[in-house]
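S.K.: My structure is below; once you've seen it, I'll send some questions.
The values are calculated or read from the model by the stated rules, or taken from the named source; none is laboratory data. This is a predicted model, so every value here is computed, not measured. For neighbour counting, all protein chains shown are included, and Cβ atoms are generated from backbone atoms with ideal geometry for every residue, glycine included. All accessible areas refer to the heavy atoms of the entire protein, side chains included, with ligands and DNA or RNA removed. Shrake-Rupley method; radii C 1.70, N 1.55, O 1.52, S 1.80 Å.
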Amino acid sequence: MTNPLSTTQFLHGGDYNPDQWLDQPAVIDNDFELFKSAKLNTITVGIFSWAKLEPSEGHYNFGWLDDIFDRAAAQNMQVILSTPSGARPRWLAAKYSEVLRVDENGHRNEFGERHNHCYTSPIYRKKVQLINRKLAERYGQRDNLILWHVSNEYGGQCYCDLCQAAFRDWLKAKYQTLTQLNHAYWNGFWAHAYTDWQQIQAPNPHGDQNVMGLNLDWKRFVTDRTIDFFETEIKPFRELTPNIPVTTNFMGGNPPESHVFYDLDYQKFATHVDIVSWDSYPNWANGYESTAKLAMKTALMNDMMRSLKQDNYLIMENTPSQVNWHPYNRAKRPGMHEMASLQEIAHGADSIMYFQLHQSRGASEMFHGAVITNNLSDQTRVFKDVTTVGADLEAMQAIHATTHRIAEVAIVFDYDNMWALDDARNYANATKQYWVTIQNQYQYFWEHDIPVDVVGTDVDLAAYKLVIDPMHFMMSKGFAAKLKTYVAQGGTLVGTYITGLVDSNFLAYQGSWLPDLQATYGLAVTETDTYYPGQHNQIKAFGNTYESRDYSDILTISDAEVLGTYGQDFYAGSAALTKHVLGQGTAYYLAGRGESALHHDFYQRVATKLQLKSMLPIKKETSNVSIQIRENATMRYYFVINFSHQATQIQFATKLMNVLHGNQNVQGKQSLAAYGVQIFSEKK
Ligand code: GLA
Ligand code: ZN
């Protein structure tokens with residue numbers, strides 16, 4: 001696929017809300033001057049601007065936005081235009097209270113905050129469509145409009161009667177009959193059988209919270225409802241501006257775990273947008289983990305976002321300095337802004353956009369980092385950092401027409417599985433940590449510069465040499481069969497503890513472990529042991545003893561080869577790591593949660609066997625340095641980034657050109673500063 005943005009530039013800019021000082025044109029004059037000096041080429045406008053665009057019902061005021069479009073055009077800046085649905089004006093909520101959200105206790109919210117709207121309300125949908133239509137009619141033909149930014153960070157849920165009714169309709173469409181629904185929810189338990197569709201309520205703290213299927217269906221419904229709302233929002237754009245692509249800004253990677261955004265299934269949502277964009281806020285210099293560790297987690301989030309459409313994506317927001325909502329709002333250390341920005345480009349981003357271009361004077365984000373801070377100067381550290389990134393992006397324009405190197409490794413990540421595993425009344429809530437488990441599998445590949453995709457269950461696995469499928473607790477029989485076929489036809493698969501226990505309805509499989517999993521791995525899982533904090537076991541493999549913790553699957557081997565065994569407890573000496581050859585391929589099963597040294601030694605063997613290691617013409621001295629590749633038919637670009645606070649050396653095996661420094665030839669050795677970034681190119 002190719003990037004649907006017509007622009008041939010990396011985008012550099014961000015959220016701009018001049019609607020906060022329309023009465024001070026001098027401030028806006030100054031902003032646009034500073035945009036030039038910071039080498040910004042794009043503004044995102046209109047986010048949360050509804051009250052300024054439609055001050056009272058049916059009375060519009062577009063003059064100020066016309067002016068912003070004109071100013072941008074006059075200095076060749078592009079505009080990303082947002083729909084204002086993220087925050088409704090007071091008049092709308094006052095007149096039509098149904099547009100406000102109802103919480104899980106059944107209370108209607110008051111006007112306030114943002115993102116506080118019902119996704120079902122016919123009136124809200126109508127009003128949103130109307131203002132979006134006006135925007136499309138007025139700005140759709142502007143030459144510098146490049147993208148629709150629909151709403152802002154969709155999230156949350158509404159429990160109003162309209163949403164409850166929509167949920168019942170969704171269930172009717174899915175299950176057809178109450179008999180089938182009652183079966184799927186195992187409603188014979190605790191006398192829960194529904195006898196009328198009207199009895200169904202979304203899970204909530206004063207009603208049902210322990211019907212696993214209901215909990216999961218509600219989460220699936222919330223994604224579908226949000227997408228349905230999004231589709232309503234974009235109707236006027238599809239009709240009036242079919243050539244302008246549409247996106248909405250996804251979230252992810254927030255501290256402390258740099259976790260994927262939890263509430264919406266982005267794999268599903270991504271099929272509805274033309275280009276993926278997301279808001280990236282890693283807490284650099286946090287002190288509780290190394291910069292390299294956080295870089296690894298951030299790399300994974302970027303790979304996740306790239307994998308959603310197997311295409312380049314946009315960074316719609318990041319902070320040029322610090323945020324105001326991390327537990328501790330630390331400033332980026334000198335060099336870190338360039339390091340962090342080019343890391344995202346390295347993984348396939350085609351933009352570095354900021355929240356925010358001009359700092360707010362009041363309200364909740366007045367102290368959030370911004371390109372232009374309240375002292376309105378171009379002499380701040382942040383302004384210089386942004387200008388440096390602007391200069392980099394200009395120097396590397398040729399790289400815009402490239403994509404991230406195609407990955408041979410895939411890690412399976414599935415939203416239903418994440419929600420189900422977390423909701424399972426088993427194991428230990430504190431240590432399930434599905435996403436952290438994915439990070440731990442990913443680490444080896446990141447440290448060794450081997451590209452990885454993060455894929456859902458519907459992807460074609462045959463495209464990958466290696467598929468890692470960790471903690472796949474909720475697995476359909478269809479997917480188990482798919483894994484078997486993948487291996488039989490030559491793939492290499494790694495599965496882990498807590499896999500293949502329930503079907504897509506959240507009902508336990510009956511009988512022994514799924515037959516297709518048994519055939520694939522050459523074993524059956526008979527029991528899972530959950531440890532308390534501080535309790536450990538060992539996995540003995542490759543002549544070493546590795547510590548393990550949290551979980552141990554206890555296995556019965558049929559015809560797998562045992563590569564590692566447990567060191568302790570009543571299952572000491574039994575299999576903890578296995579290998580099974582099936583047809584043309586191989587399946588490994590990692591039955592216990594081992595320390596990172598085990599992952600390292602295990603994946604090193606797998607990677608060597610599969611010859612995964614890209615033959616890089618650059619040698620590094622430490623795994624704190626990451627090398628990512630973007631390429632096209634003729635050129636290859638190596639992004640070399642030092643994620644440590646010490647300088648290090650890199651060595652070149654062939655002659656390369658230094659893209660950020662006048663395309664000079666480099667050879668031999670070169671030092672890479674702390675947080676330093678270099679980009680080298682070679683002809684293919
Ligand atoms: C989110 C929102 C922005 C802003 C930033 C602050 O990403 O989309 O409006 O609140 O957070 O970091
Ligand atoms: Zn609602």
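S.K.: Suppose the filter is touching a Gly at 6+ places or on another chain (Cβ under 6 Å), in contact (Cβ under 8 Å) with a residue 40 or more places away in the chain and not small (Gly, Ala, Ser); does Leu357 pass it? Steps first, please.
M.R.: Numbers: touching a Gly at 6+ places or on another chain (Cβ under 6 Å): yes; in contact (Cβ under 8 Å) with a residue 40 or more places away in the chain: yes; not small (Gly, Ala, Ser): yes.
It is true that Leu357 is touching a Gly at 6+ places or on another chain (Cβ under 6 Å), in contact (Cβ under 8 Å) with a residue 40 or more places away in the chain and not small (Gly, Ala, Ser).
S.K.: Moving on. Looking only at segment 116-169, count how many residues are basic (Lys, Arg), touching a helix residue (DSSP H, G or I) at 6+ places or on another chain (Cβ under 8 Å) and within 16 Å of ligand 2 (Cβ to nearest atom).
M.R.: Counting residues in segment 116-169 that are basic (Lys, Arg), touching a helix residue (DSSP H, G or I) at 6+ places or on another chain (Cβ under 8 Å) and within 16 Å of ligand 2 (Cβ to nearest atom) gives 3.
S.K.: Shifting gears a bit: Looking at segment 198-206, can you tell me whether even one residue there is more than 16 Å from ligand 2 (Cβ to nearest atom) and assigned to a helix (DSSP H, G or I)?
M.R.: First, pick out the residues of segment 198-206 that are more than 16 Å from ligand 2 (Cβ to nearest atom): 198-199, 205-206.
Still in the running and assigned to a helix (DSSP H, G or I): 198-199.
Checked segment 198-206: at least one residue is more than 16 Å from ligand 2 (Cβ to nearest atom) and assigned to a helix (DSSP H, G or I).
S.K.: Mind listing whichever residues of segment 104-115 are under 20 Å from Ala363 (Cβ atoms) and either acidic (Asp, Glu) or touching a residue at least 40 places away in the same chain (Cβ under 8 Å) (or both)? Step through it out loud before you land on a result.
M.R.: Our first condition is that a residue be under 20 Å from Ala363 (Cβ atoms); within segment 104-115, this holds for 109-115.
Listed by number, the residues that qualify are Glu110, Glu113, Arg114, His115.
S.K.: While we're looking at this one, here's another question. Do we find a residue being within 16 Å of ligand 1 (Cβ to nearest atom), closer than 22 Å to Thr247 by Cβ and part of a helix (DSSP H, G or I) anywhere in segment 35-51?
M.R.: Looking only at segment 35-51, we keep the residues that are within 16 Å of ligand 1 (Cβ to nearest atom), and these are 43-51.
If we keep only those that are closer than 22 Å to Thr247 by Cβ as well, we get 43-50.
Imposing the further condition that a residue be part of a helix (DSSP H, G or I) reduces the set to 50.
Within segment 35-51 (the criterion being within 16 Å of ligand 1 (Cβ to nearest atom), closer than 22 Å to Thr247 by Cβ and part of a helix (DSSP H, G or I)), the answer is yes, since at least one residue qualifies.
S.K.: If the requirement is being more than 22 Å from Gly155 (Cβ to Cβ), charged (D, E, K, R) and out of contact with any His (no Cβ under 8 Å at 6 or more places or on another chain), which of these qualifies: Asp311, Asp279? Outline the logic, then answer.
M.R.: Working: Asp279 fails: more than 22 Å from Gly155 (Cβ to Cβ).
Selected residue: Asp311, the only one of Asp311, Asp279 that is more than 22 Å from Gly155 (Cβ to Cβ), charged (D, E, K, R) and out of contact with any His (no Cβ under 8 Å at 6 or more places or on another chain).
S.K.: So which residues in segment 327-355 are open to solvent by 10 Å² or more (accessible area, probe 1.4 Å), of a type outside the set (Ser, Thr, Tyr) and either within 15 Å of ligand 1 (Cβ to nearest atom) or within 17 Å of the chain's Cα centre (by Cα) (or both), if there are any at all?
M.R.: Matches in segment 327-355: Pro327, Asn329, Arg330, Ala331, Lys332, Phe355.
S.K.: OK, next. Output the number of residues of segment 104-117 satisfying the condition of being within 16 Å of ligand 1 (Cβ to nearest atom), open to solvent by less than 90 Å² (accessible area, probe 1.4 Å) and assigned to a loop (DSSP other than H, G, I, E, B).
M.R.: Of the residues in segment 104-117, 3 are within 16 Å of ligand 1 (Cβ to nearest atom), open to solvent by less than 90 Å² (accessible area, probe 1.4 Å) and assigned to a loop (DSSP other than H, G, I, E, B).
S.K.: Can you find a residue that is among the charged types (D, E, K, R) and open to solvent by less than 30 Å² (accessible area, probe 1.4 Å) anywhere in segment 280-296? Spell out the reasoning first.
M.R.: Residues of segment 280-296 among the charged types (D, E, K, R): 289, 293.
Then keep just the ones that are open to solvent by less than 30 Å² (accessible area, probe 1.4 Å); that gives none.
Taking every residue of segment 280-296 in turn, none turns out to be among the charged types (D, E, K, R) and open to solvent by less than 30 Å² (accessible area, probe 1.4 Å).
S.K.: Tally time: how many residues in segment 384-400 are open to solvent by 20 Å² or more (accessible area, probe 1.4 Å) and outside any helix (DSSP H, G or I)?
M.R.: From segment 384-400, those open to solvent by 20 Å² or more (accessible area, probe 1.4 Å) are 384-385, 387-388, 391, 394-395, 397-398, 400; that's our starting set.
Going one step further and asking which of them are outside any helix (DSSP H, G or I), we end up with none.
Residues flagged as open to solvent by 20 Å² or more (accessible area, probe 1.4 Å) and outside any helix (DSSP H, G or I) within segment 384-400 amount to 0.
S.K.: Further question on the same structure: Residues to consider are Leu135, Leu162; find the one that is surrounded by fewer than 19 Cβ atoms within 10 Å (Cβ to Cβ) and closer than 21 Å to Leu92 by Cα. Step through it out loud before you land on a result.
M.R.: Values: Leu135 fails: surrounded by fewer than 19 Cβ atoms within 10 Å (Cβ to Cβ).
Just a single option satisfies the conditions, and that option is Leu162.
S.K.: So which residues in segment 2-21 are at pLDDT below 95 and either crowded, with 16+ Cβ neighbours inside 10 Å or outside any loop (DSSP other than H, G, I, E, B) (or both)?
M.R.: If we filter segment 2-21 for residues that are at pLDDT below 95, which is where we start, we get 2-9, 19-21.
Across segment 2-21, the qualifying residues are Asn3, Pro4, Leu5, Thr7, Gln9, Asp19, Gln20.
S.K.: May I ask you to say which residue of Ser504, Ser512 is hydroxyl-bearing (Ser, Thr, Tyr), open to solvent by 10 Å² or more (accessible area, probe 1.4 Å) and in contact (Cβ under 8 Å) with a residue 60 or more places away in the chain? Spell out the reasoning first.
M.R.: Values: Ser512 fails: in contact (Cβ under 8 Å) with a residue 60 or more places away in the chain.
Matching residue, one of Ser504, Ser512: Ser504.
Each row is one residue, and each column tells you yes or no for (1) in contact (Cβ under 8 Å) with a residue 40 or more places away in the chain; (2) crowded, with 19+ Cβ neighbours inside 10 Å; (3) over 22 Å from Arg425 (Cβ atoms); (4) under 27 Å from the mean Cα position of the chain (by Cα).
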residue: Leu130; (1), (2), (3), (4): no, no, yes, no
residue: Gln157; (1), (2), (3), (4): yes, yes, yes, yes
residue: Phe167; (1), (2), (3), (4): yes, yes, yes, yes
residue: Trp218; (1), (2), (3), (4): yes, yes, no, yes
residue: Asp228; (1), (2), (3), (4): yes, no, yes, yes
residue: Ile234; (1), (2), (3), (4): yes, yes, yes, yes
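S.K.: Restricted to segment 605-646, and to residues that are of a type in the set (Lys, Arg) and open to solvent by 10 Å² or more (accessible area, probe 1.4 Å), which residue is nearest to Glu408 (Cα to Cα)? Even if it seems obvious, please write down each step before you answer.
M.R.: Filtering segment 605-646 for residues of a type in the set (Lys, Arg) gives 605, 609, 613, 619-620, 630, 636.
Next, from what is left, pick out any that are open to solvent by 10 Å² or more (accessible area, probe 1.4 Å): 605, 609, 613, 619-620, 636.
Values: Arg605: 16, Lys609: 13, Lys613: 10, Lys619: 21, Lys620: 22, Arg636: 17 Å.
Per the criteria, the residue is Lys613.
S.K.: Right, next: Could you tell me which numbered condition Ala173 fails, if it satisfies all but one of (1) out of contact with any Ser or Thr (no Cβ under 8 Å at 6 or more places or on another chain); (2) within 16 Å of ligand 1 (Cβ to nearest atom)?
M.R.: (2)
S.K.: State whether the residues of segment 62-70 include one that is out of contact with any helix residue (DSSP H, G or I) (no Cβ under 8 Å at 6 or more places or on another chain), over 12 Å from Asn17 (Cα atoms), away from ligand 1 (no atom under 16 Å from the Cβ) and part of a loop (DSSP other than H, G, I, E, B).
M.R.: No, the conditions are met nowhere in segment 62-70.
S.K.: I need every pair where a residue in segment 83-103 that is within 16 Å of ligand 1 (Cβ to nearest atom) has its Cβ under 7 Å from the Cβ of a residue that is among the basic types (Lys, Arg), sequence separation at least 6 or different chains.
M.R.: Every condition considered, the pairs that remain are Gly86/Arg114; Ala87/Arg114.
S.K.: Here is a follow-up. List the pairs whose first member sits in segment 463-485 and is at positive phi, whose second member is outside any helix (DSSP H, G or I) and not aromatic (Phe, Trp, Tyr), and whose Cβ atoms are under 8 Å apart, counting only residues at least 6 apart or on separate chains?
M.R.: Met471/Lys432; Met471/Thr496; Met471/Ile498; Met471/Thr499
S.K.: Just to check your reading of the model, which residue among Tyr266, Tyr262 is of a type in the set (Phe, Trp, Tyr) and surrounded by fewer than 18 Cβ atoms within 10 Å (Cβ to Cβ)? Explain how you work it out, then say what you get.
M.R.: On the way: Tyr266 fails: surrounded by fewer than 18 Cβ atoms within 10 Å (Cβ to Cβ).
Checking each option against the conditions leaves just Tyr262.
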